[in-house]
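The values are calculated or read from the model by the stated rules, or taken from the named source; none is laboratory data. Since the model is a prediction, treat every value here as computed from it, not as a measurement. Heads up, the Cβs are rebuilt from the backbone with ideal geometry, glycines too, and the neighbour counts pull from every protein chain shown. The area values use the complete protein model at the heavy-atom level, side chains included, leaving out ligands, DNA and RNA. Shrake-Rupley method; radii C 1.70, N 1.55, O 1.52, S 1.80 Å.
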Amino acid sequence: MQDRVSTYPGRITLTPVTGESNTYDWARADDPTVDGTPLNKATFLPDAVASAIGALTGTTPSLPSEALDALTTALDTMGLLYNSKITAFSYVGTGSSSTRTTTFSFHPRIVFYIKENGYIGQNRQIYTSNSENTSTVPWQIWIYDSTGGAFCTFSYSEANKQLSRSFNGSAALPYSTATKAEALMNTSGKTYYVVAFGVK
Amino acid sequence: MKRIIKIESNEFGGHDNMTIYTGDAPEIDGWAEIPEEMILPFSFPFVDIEVEDGIVASMTQREVPPSPPEPEEQPTTDEILDALLGVGE
């Protein structure tokens with residue numbers, strides 16, 4: 001936008017209106033060297049711009065202040081998206097029943113495990129978090145086989161951004177290595193897909 | 001897509017591994033990158049590898065441990081409850 005540059009700032013001409021007392025038409029007489037950008041709808045909030053903002057935010061603004069407010073909200077949302085992270089990877093199980101550790105490049109908040117062409121434990125192919133006891137055990141995955149109930153316990157280290165899976169079951173039951181590996185989603189030769197959402 | 005593998009194998013001769021499809025690959029000590037053009041042996045992740053400067057230089061097939069049978073039957077509700085309650089421990 002450009003400011004108006006006047007030779008005679010504020011000067012106007014008043015012309016009486018015929019037949020009406022004390023009524024005048026006025027016109028600028030400031031002799032500008034630069035006309036400046038007019039202050040109107042076309043320069044403040046053209047219809048096309050308002051429509052575009054409406055398409056982006058869901059609300060078509062009728063005032064410049066509403067347009068700025070809508071854009072601010074949209075930018076906040078984009079900021080959240082920018083700080084959000086997602087990763088998808090797979091791994092092939094090795095059959096080991098020792099604690100499994102997965103290192104992420106960000107802090108995972110929700111993690112999905114999907115076993116290819118098979119079921120993890122109790123005939124379920126996809127597991128997500130179980131908020132049964134979030135104060136001590138963030139989430140668990142349960143499996144069962146003929147030996148008895150057993151589950152996988154998760155723990156997370158923010159310092160290393162590592163999510164660990166440990167086997168947990170009844171001390172009285174003779175779980176096989178295969179059962180333990182299955183509980184840990186590490187069955188030998190099986191492919192597991194992982195999708196994780198989190199923040200930076 | 002990026003593939004990484006733990007240099008040290010486990011008790012069965014298998015290597016922990018990751019194939020990253022989306023997102024940044026984590027930097028993990030003790031892991032090496034598998035070159036994109038390297039074809040994985042059928043026995044993967046039960047392989048022997050040689051690593052040079054953090055990159056897998058060679059990968060050869062090794063014997064795969066026998067796969068354990070899938071669980072054949074589900075426990076009864078009572079068996080599940082007993083396990084939860086610690087009955088019989």
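In region B:35-57, the count of residues that are hydroxyl-bearing (Ser, Thr, Tyr) and open to solvent by 30 Å² or more (accessible area, probe 1.4 Å) is zero. The set of residues from region A:84-105 being farther than 17 Å from residue A:184 by Cβ and in a loop (DSSP other than H, G, I, E, B) comprises A:104, A:105. Is region B:59-78 home to any residue that is within 14 Å of residue A:91 (Cα to Cα), in a loop (DSSP other than H, G, I, E, B) and either within 20 Å of the chain's Cα centre (by Cα) or modelled with pLDDT under 75 (or both)? So far as region B:59-78 goes, no, none of its residues is within 14 Å of residue A:91 (Cα to Cα), in a loop (DSSP other than H, G, I, E, B) and either within 20 Å of the chain's Cα centre (by Cα) or modelled with pLDDT under 75 (or both). At pLDDT below 80, loosely packed, with under 15 Cβ neighbours inside 10 Å, outside any strand (DSSP E or B) and out of contact with any helix residue (DSSP H, G or I) (no Cβ under 6 Å at 6 or more places or on another chain): is that true of residue A:80 in this structure? In short, yes. Regarding region A:83-101, can at least one residue be identified that is open to solvent by less than 60 Å² (accessible area, probe 1.4 Å), over 30 Å from residue B:25 (Cα atoms), of a type outside the set (D, E, K, R) and at pLDDT below 85? The answer is no; no qualifying residue exists.
Could you tell me whether residue A:12 is under 30 Å from residue B:4 (Cα atoms) and not polar (S, T, N, Q)? No, not satisfied. Please indicate, with yes or no, whether at least one residue in region A:121-143 is modelled with pLDDT of 65 or more, more than 24 Å from residue B:29 (Cα to Cα), within 11 Å of another protein chain (Cβ to nearest Cβ) and part of a loop (DSSP other than H, G, I, E, B). No - not one qualifying residue is present in region A:121-143. The residue that is farthest from residue A:194 (Cα to Cα), counting only those in region A:163-181 that are open to solvent by 30 Å² or more (accessible area, probe 1.4 Å) and in contact with a helix residue (DSSP H, G or I) (Cβ under 7 Å, 6 or more places away or on another chain), is A:173.
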